Amino acid sequence: MKKILYIYGNLPSYREEFFTQLSSRLEEEGIELKVMYGYIANKLTRQAEARDFKAQKFETKLNDFKLLRFSRMAGLMRAVKEEQPDGIIFQFNQTNLTEWQVLRWCMKNHNPYGIWGCNYTRADLKGFLVKIRNLIYGFIYRNANICIPYGSLYHDFLVKSGVPEECVITAQNTIDVESIAEREKEFLPKNYHHDTTHVVYVGALAPQKRIDSSIEAVSQLLAEGLDIQCDIVGGGTELDYLKQYCSRFPEETRRHIHFHGAKYGDDLIPYFRNADVFLMPGTGGLGVNEAMAYGLPIISTMGDETVVDLIDGNGYLLNNMGDVEEQKTALRQFMKLSPEEKLAMSQQSVFIVLQRATLKNMVDKHIEAIKKMVI
């Protein structure tokens with residue numbers, strides 16, 4: 001039986017169903033899957049429980065050197081050698097020194113490897129640092145046996161970077177939207193015959209999410225006399241800061257913006273069902289997929305570059321992360337629509353996500369890539 005390792009910086013809860021299905025399907029193909037991932041003991045976001053697939057976790061140790069921050073996954077290299085895999089798929093992080101060790105081991109021993117992920121570049125990387133990053137990643141891409149981009153934009157970037165097109169297999173990044181859409185059939189279509197527009201954001205709260213800009217946008221729209229409510233659902237490093245940030249605004253703003261903390265699983269359902277539109281002002285992506293499965297129209301940046309494949313004219317694509325004016329313009333346009341127009345957008349959201357971003361498709365594409373790499 002062939003053996004494939006996935007090396008992942010951490011194992012977030014939203015990946016649990018993906019790895020469960022992938023492991024089961026690979027077993028049918030005579031391929032064993034094991035996920036090796038890092039963990040930080042005090043990490044605030046919920047991590048997956050590897051109950052139905054093989055996994056091994058390694059403590060992540062962080063080292064800060066002023067401008068640079070590196071991490072290590074203690075014991076990973078030794079464990080990889082013990083497994084002697086037929087192939088490794090990385091969600092590669094160039095600041096993880098242990099991943100570099102494993103990558104070097106792959107190249108030295110001619111062990112097939114693949115790269116899976118998006119083309120997100122940290123906002124704090126500028127000029128020379130971006131060039132260095134691109135040079136490093138270009139070398140890694142061109143030497144990989146397979147690349148699995150999250151979406152079409154990253155696919156095109158990889159091909160332009162010199163990766164042979166036959167080695168690039170796009171697996172639209174997603175979650176189990178099929179199950180959500182099937183359950184929500186009972187509650188759709190959404191009712192837009194009300195005055196107040198309910199905006200929701202669901203996801204981790206971190207600086208790159210730019211939720212502060214959405215608070216500013218909503219505050220200005222309220223000052224214009226528009227009827228809007230905003231629910232911010234998520235935990236993370238920015239939650240306390242955002243609450244303090246919101247407290248600086250007038251009482252009228254504070255009464256219309258609600259923080260609900262981290263919610264998972266079924267606890268998220270009422271927030272999506274009660275919303276009229278989903279707003280993502282910064283990085284991210286999977287929150288958009290989830291919202292679309294609930295029948296929500298979308299206002300979003302490109303995020304991790306996957307959103308552009310999903311909005312496709314049925315929503316509002318923001319050009320710049322954290323741009324207050326863009327968010328205000330999109331929200332105004334949405335609020336001016338008739339209930340029938342909003343409902344049409346809602347129904348189209350469900351149709352698009354089930355056509356382009358099902359979990360089954362993502363699993364199928366990973367299997368295609370793995371078989372191409374090791375069989």
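Under 5 Å between amide H atoms, partner at least 5 residues away or on a different chain: which partners does Ile228 have, H built in plane at 1.01 Å?
Placed amide hydrogens put Thr197 under 5 Å from Ile228.
Within the range 144-219, which trypsin sites (Lys or Arg not before Pro) sit in a loop by DSSP and count at most 15 neighbouring Cβ atoms inside 10 Å? Please list the in-between numbers first.
Numbers: sites: Lys160, Arg183, Lys185, Lys190, Lys209, Arg210; in loops: Lys185, Lys190, Arg210.
Answer by residue number: Lys185.
Compute for the chain: radius of gyration divided by Kirkwood radius, i.e. Rg/Rh, restricted to C-alpha atoms, rounded to two decimals.
0.98
Apply the Karplus curve 6.51 cos²θ - 1.76 cosθ + 1.60, θ = phi - 60°, to the phi angles in the range 200-216 and return the couplings in whole Hz, x for Gly and Pro.
Values per residue, Gly and Pro as x: 10, 10, 10, x, 5, 9, 9, x, 5, 6, 6, 5, 4, 5, 5, 4, 4 Hz.
Can you list which of the GluC sites (Glu not before Pro) found in the range 165-266 are DSSP loop residues with at most 13 other C-beta atoms within 10 Å? Could the numbers behind the result be given before it?
Values: sites: Glu165, Glu166, Glu178, Glu182, Glu184, Glu186, Glu216, Glu224, Glu238, Glu251, Glu252; in loops: Glu186, Glu224, Glu238.
In loop regions of the range 165-266 (DSSP not H, G, I, E or B), the sparsely surrounded GluC sites (Glu not before Pro) are Glu186, Glu224.
From the square roots a ≥ b ≥ c of the eigenvalues of the alpha-carbon gyration tensor of the range 304-347, which class results: rounded (a/c under 1.5), prolate (a/b over b/c), or oblate?
Values: a/c = 3.77, a/b = 1.26, b/c = 3.01.
It is oblate, given that a/c is not under 1.5 and a/b is not larger than b/c.
For Lys54 and Ile375 in one chain, what is 0.36 nm times their gap in residues minus the Cα-Cα distance, to one decimal in nm? Can you show the working numbers first?
On the way: separation 321, 0.36 × 321 = 115.56 nm, distance 2.12 nm.
Gain on extension, Lys54 to Ile375, equals 113.4 nm.
Where in the chain is the longest stretch that carries no chymotrypsin sites (Phe, Trp or Tyr not before Pro) classed as loop by DSSP and with at most 15 other Cβ atoms within 10 Å? Let's see the in-between values first.
On the way: sites that count: Phe187, Tyr264.
It runs 1-186.
How many nm is it between the label spots at Arg78 and Leu62, if each spot is 7 Å from the Cα in line with the beta carbon?
Reported label-point gap for Arg78 and Leu62 is 2.5 nm.
For Lys360, which lysines qualify as cross-link partners when the Cα separation must be under 27 Å and same-chain residues fewer than eight apart are set aside?
Lys2, Lys3, Lys34, Lys54, Lys57, Lys185, Lys190, Lys263, Lys371, Lys372
Considering only the other residues whose Cβ falls under 12 Å of the Cβ of Leu26, what net charge follows from Lys and Arg at +1 and Asp and Glu at -1?
-1
What shape does the range 266-357 have by the C-alpha gyration tensor, where a ≥ b ≥ c are the square roots of the eigenvalues, rounded means a/c under 1.5, and otherwise prolate means a/b greater than b/c and oblate the rest? Show your work: numbers first, answer last.
On the way: a/c = 1.35, a/b = 1.10, b/c = 1.23.
Rounded shape, in that the Cα axes give a/c under 1.5.
Summing Lys, Arg as +1 and Asp, Glu as -1, what charge do residues with Cβ under 15 Å from the Cβ of Gln244 carry, Gln244 excluded?
Details: positive: Lys243, Arg248, Arg254; negative: Asp212, Glu216, Glu238, Asp240.
Charge balance near Gln244 sits at -1.
Where a number appears in this text, it was derived from the coordinates with a stated rule and is not lab data. Only a predicted model underlies this, so the values are computations on that prediction, with no experimental measurement involved. FYI the Cβ positions are ideal-geometry reconstructions off the backbone, even for glycines, and counts take in every protein chain you see.
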